[in-house]
1. Starting from the Cα gyration tensor of segment 640-774, multiply each eigenvalue by 5, take the square root, and state the resulting semi-axes largest first in whole Å.
2. For F483, tell me the accessible area in Å² from a 1.4 Å probe, rounded to the nearest 10.
3. Mind checking which of A196, T161, T149 is farthest towards the positive end of segment 115-205's charge dipole, using Cβ charges of +1 (Lys, Arg) and -1 (Asp, Glu) about the Cα centre?
4. So what is the relative contact order for segment 36-128, in percent, with contacts set as C-alpha pairs under 8 Å and at least six apart?
5. Quick one: helix 371-380 against the long Cα principal axis of the chain, what's the angle to the nearest 10°, folded into 0 to 90?
6. Counting each pair of different Cα atoms once, what's the Kirkwood radius of segment 201-280 in Å, rounded to one decimal?
7. Of Y5, S42, Y492, which is farthest towards the positive pole of the chain's charge dipole, taken about the Cα centre with +1 and -1 on the beta-carbons of Lys, Arg and Asp, Glu respectively?
8. Starting from the Cα of K178, draw a straight line to each of the lysines and keep only those under 29 Å, dropping any in the same chain fewer than 8 residues away.
Amino acid sequence: MSDLYSTYTADELWLIKETEWAKPLQNIRESQFAMGNGFIGSRGVLEELPTDAEPGTYLSGVYDKIGAQVSELVNLPNPINFKFSINGEKVGLIAMDHLEHRRVLNMKKAVLVRRTVYSDSRKRRYEYESLRFLSMANKNVGAMQIVFTPLDGDCTVEINTGIDTSVSNSGLLSEGRKRHFRVKELGQQYKAGYLAVETLNKRFDVIYWSGFYYETRGRKVFAEDNIFSLKVAKGQTVTFTKVFCIKHFPRRADLRTCRDKALKIFRRSFLSDFSKILDEHVRAWERMWGRIDILIEGTANLQQNLRFNIYHMAISGHEDNGLSSVGARTLSGEGYRGHVFWDTEIFLMPFYLFNFPKVARNLLLYRYRRLGPARANAKADGFEGAKFPWESADTGTEETPEWARDIDRTIIRIYTHKMEHHITADIAYAIQKYHLVTGDSKFMADYGYEMFFEIARFWASRAVYNKRQRRYVIKHVIGPDEFHMDVNNNAYTNEMARWTLATAVQSFREVSRRPGLYRKVKDMMGLKREEVRGWNRIASLLKMNMRRDGVIEQFDGYFRRKRVPLAQTDENGMPLLPPKIRPADFGKTQLVKQADVLMLLDLLGEFFSPKALLKNYEYYIARTLHQSSLSAPVHAKVACEAGDLNRAYSFFNVALRTDVSNMYGNTYEGIHAASLGGTWQAVVFGFAGVRAGYERLSVDPRMPLSWKKMVFSLHWHGVRIALELTNDKVKIEAFSSKKGSLKINIFGRPALLQPNKAYVFERKARLRKRRHYYY
């Protein structure tokens, strides 16, 4: 790289690199190098958009269904567009020879930089450099800079830039590619281009402003059009700068007013120096990394890869009063059509909860804003309360497609939306965790209790009393292990339902002690004490099968399924698919797709004894194929709890490299959100031993021996807690303007922390306390 961008390529521990051009990796790199700020997501395409590029520009919460089976995250017009030719020859990595090529994503400063040296048909060389970012300081704004220098002779450069409206959403199965927007207006004024598009369902208008200028030999020239030519002498450097603004508005808004609002935001940045808006962006990221970075003194590669995971979560979180959530592939691709799954509440939520509580609140508000459709979903299926969709987009209705490809690429019918009801309990779990970690009683009074009690109503109606067994049963479900469909009494589903009902009973008691809130809940929901007593009865009688040795049966009849030994593993220690069994027949065996019973033990581990955890860990780990990116991080955490640190570290490394190494072969569809969050949990909850208890936070590290130290911070009840850990020593300080001590457990021992004072605790013999476990 030249000196121009050297400041962004210096620190190896913050860099993800592409050191050569490899066309087969093009779409993978586009996902890995994605940029965003929570509102806008942009795939890391090359500016010249070579053949087979998949440009993607997505706005959080903007979906459309026209021309598709179900609603899709809309691929909007692409502002990252800079095509040019030199003396009639098209410039690009496919169109022209190149002598050097390198791209670097600087995660610390969230900029993508590039240097390519081209060679034309006459062997004349041209240096091309670029830098771009989506501003974290002003979330409607992005900018791109191109620096061009002919090295061996004069030339004429023909530029073609602007906003590319030729983009479309990818085709899936029987669907072809489709465009989910139409152009309403476009034009040029104020030395800039203007574009207005609307989604085909007419729910959103999206306004673009884009300005372009070039600087050379002390002159700054604003382009009057998106297509123009320029003569450049040998050795002359020309810097092209593009600044753009994207803002969406509800469809009913006045278009002229919307255009003027967007213009005001745009001109503030466009008329500023490029260095100023870049510096504002970098400083915003510096503040953010001060909250979210996890420093591990170990291998450098591990540190880079962990920051890659954290970076992609940081560019996905947003605050918009519940308009949007985070999809299963973030804003980096169109995998799962941008839909929101349980991934958000169970895997991603803890990262935001402990680092950006307002983003976590927004994720729950997203569900609350769709409580009406969830009630309608339950009613349509003959149940009470609220049943949230397995796949959600903008409206809260069910968005799961009827058909999809299986792991062997065959097309299969999908039943998850009909039976994988545990997502409704997963949302209740996230609500309770939010309240536990933040202490946000206002949220609970305004939104949380209503959601929680409606979810409890659903489970009370979903469970059926079996007179012969004298137990409540939940039939016809799919648990997290999607190999086994239409099963009865899936342990994860039943126990999450039991926990939801029991917690709802306890929450109702708390509400009853607040007369004003009690009247509000009673009047709003018609909730009576008799109904709540029914929840308590159902919770106490919900069925779960457990052998005498403590092994939980995943569902009724699971123990009678065919046992298939997993004899071979890949280079990462992950089991290989049995060669003589078709994926369609996995359901006839004991093979498990991903953590199911162990997922239960991970989330509700406080109710199970260490002996029960160990028994189930040893049993199910021998049967799990890990055919989901959700599996490895969960197993890493459970392995930590089971004391199997060697295998925990192996699972962690698979989770850590899910997308940076394209472990599942589909990173081109976007970054796996659940793996990002699960990996963070494996580090913080697994190796650092952080636990959010009902009364206090606890810390009990069990790091790999190669890790010398961990440094990170968390938010707990409005207090930022800074931690520096080794396996035998914890340095901790609680930063707060509030008075009063903070209760915490370190190495199993209770402690009180005074605000803004550093403490050091060393491991001693653990206190032995008798604990009661349900299992």
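1. On the way: eigenvalues 178, 69, 41 Å².
One finds semi-axes of 30, 19, 14 Å for segment 640-774.
2. 30 Å²
3. Working it through, the farthest residue towards the positive pole turns out to be A196.
4. Numbers: 131 pairs, mean separation 16.9, N = 93.
It rounds to 18 percent for segment 36-128.
5. Roughly 60 degrees between the two axes.
6. Working: mean 1/r = 0.0677 Å⁻¹.
The answer is 14.8 Å.
7. Y492
8. The qualifying lysines are K23, K65, K83, K90, K139, K202, K242, K247, K418.
The values are calculated or read from the model by the stated rules, or taken from the named source; none is laboratory data. These figures come from a predicted structure and were not determined experimentally. Reconstructed Cβ throughout: ideal geometry from the backbone, glycine too, with neighbour counts over all protein chains shown. To get the accessible areas, we keep the full protein, side chains included, count just its heavy atoms, and leave off ligands, DNA and RNA. Shrake-Rupley method; radii C 1.70, N 1.55, O 1.52, S 1.80 Å.
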